[in-house]
Amino acid sequence: MHRTVTWLVVVGAIAWAALTADVEMAKFAKAGPRLWDFLSRMVPPDFTIWQDMLRGLAETLQIAILGTLFAVILSVFFGVLASETLMQPYIWRSTRALLAAIRAIPLILVAMLMVGAVGLGPLPGILAITFHATGMLSKFYAEAIDNVAAGPITALQSAGASRQQQLRYGIWPQMAPVILRDTVFRFELNLRESLVLGVVGAGGIGLYIQTYVRSFQYEKAATATLTVIILVLLSELANGYLKKRVT
Amino acid sequence: MTTALTLSGISHDFNGEVSLSDINLSMESGECLALIGPSGAGKSTLLTLLDGRLKGWSGTASVLKKTLDANKPPQRNTRADTGFIFQDFALVDRLTTYQNVMNGRLGRTKNWASVFGHFSTQDHMIVGSILRDTNLAELADRRVDQLSGGQRQRVAIARCLAQEPKLILADEPVSNLDPALAEKVLQLLTGEARKRGIGVVFTSHQPELSQRFADRIVGLRDGRIQFDQPTHEVSEGTIEKLYFGSSTEPGLRVVK
């Protein structure tokens, strides 16, 4: 009975989406030549704008670095509040609900609000990244605290270690790799996300891509896109290397 | 010889279920005592009490001439006087052998200096000498999560010795090891303790190992002491009754 209802809902949803969305299959036929035209105008990329690219890249990196830094600082605070082992249920439950609400707001919406609040430039980007990343990192940090094995801590306590010593030599060594891995992962996400923040005016290389596309300078847009691809590949490489180091 | 521990009329229950009942026990320093008995007999609970980590018991308990409080854990230096070896080793996996053994010194060092990574030359000398005594010097720089079970238990013993305890409590120290290794590890533990004049209380599921290494055996069942005798007086029949007979059976309760 349950399965039948599930299938009916799935099939119904697909049918509704396919039949009511304004999808004209005829447009597919025209898309090919247009796409070809668009791509051919991107070749060859215009590398004379390399200085602008470096500036945009630097701004994107600044947004990602500062956004991650502020998110880490806030997440240590909220992570402790969201930890089941350290806090009373009413505190960690309400903190986790707040963090879930933060994560539910799309980044691009936060960025638009921030641009409205503080104007164009990297600052709204940094604020948006900080806000969004705090929602995720705090949850990760809380889980890192809650997953610390109790046995070694009891052993240190039994050996006469103080609370500070237990934290330094029992809890921190267990938490550090998890926290470092999650932070590096979040930094990579922040970098990718800050690439597109420019689209809503929140600084970075995305702003250049937006400007070039709107002014039909596709060969310059191609250079900016290539720069983004290279940056993402480099950050993936760095992340992979760091992950191996911290396990 | 001085008295290492005295327990009088100790009782305790977990949510209404009796875990220790009217325990009376004393032990001289330097003595090696084995607590044996079936699962759920109260062996680990008794050791946890002696380590000052059990709450809510009744009776009077004194360990190394300090009276234990049923509601308050002992002070830092008192905790350092009693070494505890855990069944599952309880090592910090990502730290090296050396760092884990150095963790045993934490109760003996200046608090904030050690938090910032500073340990005295004496601390390093003690750790170095214990690593040699326990044949761990070559593994000093290896992370303990890369060691075998036997090596990890040796690290746990070394950490306990680094603490310079006056009494060692070992909870099933060899239950995770194969028989040959178990014998070697118990030999190391009791040998090093004897060399240093430290008393040892260990729990075990394996009566034959207890008979080989302990001076005295205490049989526990259902939270009660069923017998307390010098090792050479404990017969096969007594042990068999402890594990397979009824606790109310006559002739089983031979309390010294």
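Rule-based calculations on the coordinates, nothing more; no lab input. Bear in mind that the values here come from a model prediction, so they are computed numbers and not experimental data. Neighbour counts are summed over all protein chains in view; Cβ atoms, including those assigned to glycine, are modelled from backbone coordinates with ideal geometry.
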Seminar exercise, completed: Once both label points are put 7 Å beyond Cα along the C-beta direction, the A:L226-A:A15 separation in nm becomes 5.1
Seminar exercise, completed: Quick note on B:H232, A:H2, ordering by fewest other C-beta atoms within 10 Å, gives A:H2, B:H232
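Sort the following peptides by mean Cβ neighbour count (other Cβ atoms within 10 Å, averaged over residues), highest first: B:19-27, A:50-58.
Values: B:19-27: 19.0, A:50-58: 15.2.
The most tightly packed comes first, giving B:19-27, A:50-58.
Is any helix in chain A, taking whole DSSP H runs, at least 30 angstrom long along its axis by alpha carbon and on average at least -1.0 on the Kyte-Doolittle scale, and which ones?
Details: long enough: A:50-81 (45 Å, 1.43); A:122-146 (35 Å, 0.72); A:172-197 (36 Å, 0.34); A:218-246 (42 Å, 0.66).
Helices meeting the span and hydropathy rule in chain A are A:50-81, A:122-146, A:172-197, A:218-246.
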Exercise. Nearest 0.05, what FRET efficiency do A:A149 and B:Q75 give at R0 = 22 Å with Cβ-Cβ as r?
Worked result: 0.30
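Taking the mean number of other Cβ atoms within 10 Å as a proxy for protection, how do you rank A:157-163, A:217-223 from highest to lowest?
Details: A:157-163: 22.6, A:217-223: 20.6.
In decreasing order of mean packing, A:157-163, A:217-223 become A:157-163, A:217-223.
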For this session: With a point put 7 Å past each Cα toward its Cβ, work out how far A:Y241 is from B:E28 in nm, to one decimal.
Result: 6.6
Exercise. Separation between the B:R143 and A:L61 pseudo-spin-labels, each 7 Å from Cα along Cα→Cβ, expressed in nm?
Worked result: 2.9
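Rounded, prolate or oblate: which fits segment B:51-165 when a ≥ b ≥ c are the square roots of the eigenvalues of the alpha-carbon gyration tensor, with rounded for a/c under 1.5 and prolate only if a/b beats b/c?
On the way: a/c = 2.25, a/b = 1.62, b/c = 1.39.
Here segment B:51-165 falls in the prolate category.
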For this session: Go ahead and collect, in residue order, the members of segment B:93-124 whose backbone nitrogen is under 15 Å from a label point 7 Å along the Cα-Cβ direction of B:R132.
Result: B:122-124
Problem set entry | For segment B:123-197: rounded, prolate or oblate by the Cα gyration tensor [a/c cutoff 1.5] | oblate
Problem set entry | Value of Rg to Rh for the protein assembly as shown (Rh from inverse mean 1/r over Cα pairs, i.e. Kirkwood) | 1.17
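Could you please rank A:F28, B:F84, placing first whichever residue has the fewest other Cβ atoms within 10 Å of its Cβ?
So the residues, fewest neighbours to most, are A:F28, B:F84.
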Problem set entry | Coarse-grained scattering of chain B at q = 0.15, 0.17 Å⁻¹, given as base-10 log I(q)/I(0) from a Debye sum over alpha-carbon atoms | -1.07, -1.32
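For a 28 Å ceiling on Cα separation, which of these pairs sit above it: B:K43/B:K166; B:K195/B:K241; B:K72/B:K184; B:K166/B:K241?
Values: B:K43/B:K166 20 Å; B:K195/B:K241 34 Å; B:K72/B:K184 37 Å; B:K166/B:K241 34 Å.
In this structure, B:K195/B:K241; B:K72/B:K184; B:K166/B:K241 exceed 28 Å between Cα atoms.
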Exercise. Hey, how many Å between the Cα centroid of segment A:191-214 and the Cα centroid of segment A:3-71?
Worked result: 13
Exercise. Looking at chain B, do any whole DSSP H helices span at least 24 angstrom along their long axis by alpha carbon and average -0.5 or above on Kyte-Doolittle, and which?
Worked result: B:179-196
Problem set entry | Span per principal axis, largest first, for the Cα atoms of chain A (Å) | 75, 61, 38
